[in-house]
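Asker: After the structure tokens below, expect a handful of questions from me.
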Amino acid sequence: MDHLTLALPQEPADGIAGWAADLVDAMGAPGAGLAVALENLFPPLPSEIILPLTGFAAGQGVISLFSALFWTTLGSVAGATALYGIGALFGRERMHALWARLPLVKASDLVRTEEWFARHGTKAVLLGRMVPIFRSLISVPAGLERMPLPVFLTLTAAGSLMWNSVLVLSGYWLGERWDMVEGYVGVLSKGVLVAVAAALACYVVVRLRSRGDARHRRTS
């Protein structure tokens with residue numbers, strides 16, 4: 001796969017891009033699908049590198065654009081289904097037992113979360129596939145809550161196809177500048193992390209204050 005290899009002069013031979021390029025070189029479009037499936041299971045493998053690189057390979061004629069979109073979406077669904085299975089095997093009873101041992105949380109918090117997922121779970125699974133970090137994580141609560149598997153697969157496939165299409169087509173159109181996509185998606189990922197960290201910090205502060213107020217009422 002000379003075209004794809006020559007496009008990676010800045011990437012170390014053992015880097016993510018080199019690894020993904022080797023998979024596509026060895027297996028064709030199914031190799032891209034395998035890389036995306038592994039990215040779902042191991043989020044440190046960045047889709048913002050794998051998918052644009054796959055699009056670039058399609059632009060160079062190494063694989064077809066249709067096969068790039070088909071196999072990367074199939075890989076996304078396969079990885080998400082494995083995480084769904086983990087959530088289903090872990091089960092709600094174990095989740096409640098584990099939750100009860102955690103500090104600064106209440107059983108009612110988990111109950112409210114489950115009620116929220118019952119109302120908005122379909123939207124969460126569909127749209128969550130297009131949000132960095134949550135793309136993988138959203139499959140676990142879907143399994144915990146035993147969302148019907150056909151519904152989960154349909155929503156996951158639709159959301160994954162939208163996300164994958166944006167990144168694959170970006171790499172296809174950008175050509176040798178495919179790596180620009182990583183920078184833009186990286187900013188989005190950092191924004192999500194900051195928002196999550198801020199929400200967790202607020203949650204901890206509220207819980208500590210409520211505990212302090214409760215102790216004060218008991219001693220007064």
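Asker: Conditions first: (1) among the hydrophobic types (A, V, I, L, M, F, W, C); (2) in contact with a Gly (Cβ under 6 Å, 6 or more places away or on another chain); (3) at pLDDT 90 or above. Residue 153 passes all but one, so which condition is the exception?
Answerer: (2)
Asker: So is residue 64 among the hydroxyl-bearing types (Ser, Thr, Tyr) and at pLDDT 90 or above or not?
Answerer: Working: among the hydroxyl-bearing types (Ser, Thr, Tyr): yes; at pLDDT 90 or above: yes.
Here the answer is yes, as residue 64 does meet what is asked.
Asker: Can you say whether residue 112 is over 16 Å from the mean Cα position of the chain (by Cα) and either modelled with pLDDT under 90 or closer than 30 Å to residue 59 by Cα (or both), as far as the supplied structure shows?
Answerer: yes
Asker: Which of the residues that make up the stretch 78-105 are among the aliphatic types (A, V, I, L, M) and either buried (at least 23 other Cβ atoms within 10 Å of the Cβ) or not in a helix (DSSP H, G or I) (or both)?
Answerer: The answer is 80, 102, 104, 105.
Asker: May I pose another question? Cβ-Cβ distance below 9 Å, separation of 6 or more or different chains: which pairs start in the stretch 76-97 with a residue that is among the charged types (D, E, K, R) and end on one that is surrounded by fewer than 18 Cβ atoms within 10 Å (Cβ to Cβ)?
Answerer: Sorted first by the residue in the stretch 76-97, then by its partner, the pairs are 92/114; 92/145; 92/146.
Asker: Checking residue 147 against (1) at pLDDT 65 or above; (2) part of a helix (DSSP H, G or I): exactly one of these is not met. Which one?
Answerer: Residue 147 satisfies all of (1) at pLDDT 65 or above; (2) part of a helix (DSSP H, G or I) except (2).
Asker: I would also like to ask the following. I need the full set of residues from the stretch 118-139 which are within 11 Å of the chain's Cα centre (by Cα) and either crowded, with 18+ Cβ neighbours inside 10 Å or in a loop (DSSP other than H, G, I, E, B) (or both), in order please.
Answerer: Of everything in the stretch 118-139, those that are within 11 Å of the chain's Cα centre (by Cα) and either crowded, with 18+ Cβ neighbours inside 10 Å or in a loop (DSSP other than H, G, I, E, B) (or both) turn out to be 125, 128, 129, 130, 131, 132, 133, 135, 136, 138, 139.
Asker: Scan (1) assigned to a helix (DSSP H, G or I); (2) at pLDDT below 90 for the single condition residue 75 breaks and write down its number.
Answerer: Every listed condition holds for residue 75 apart from (2).
The values are calculated or read from the model by the stated rules, or taken from the named source; none is laboratory data. In this text the structure is predicted, and so the values were computed from the model without any measurement. Cβ: placed from backbone, ideal geometry, glycine included. Neighbour counts: every protein chain shown.
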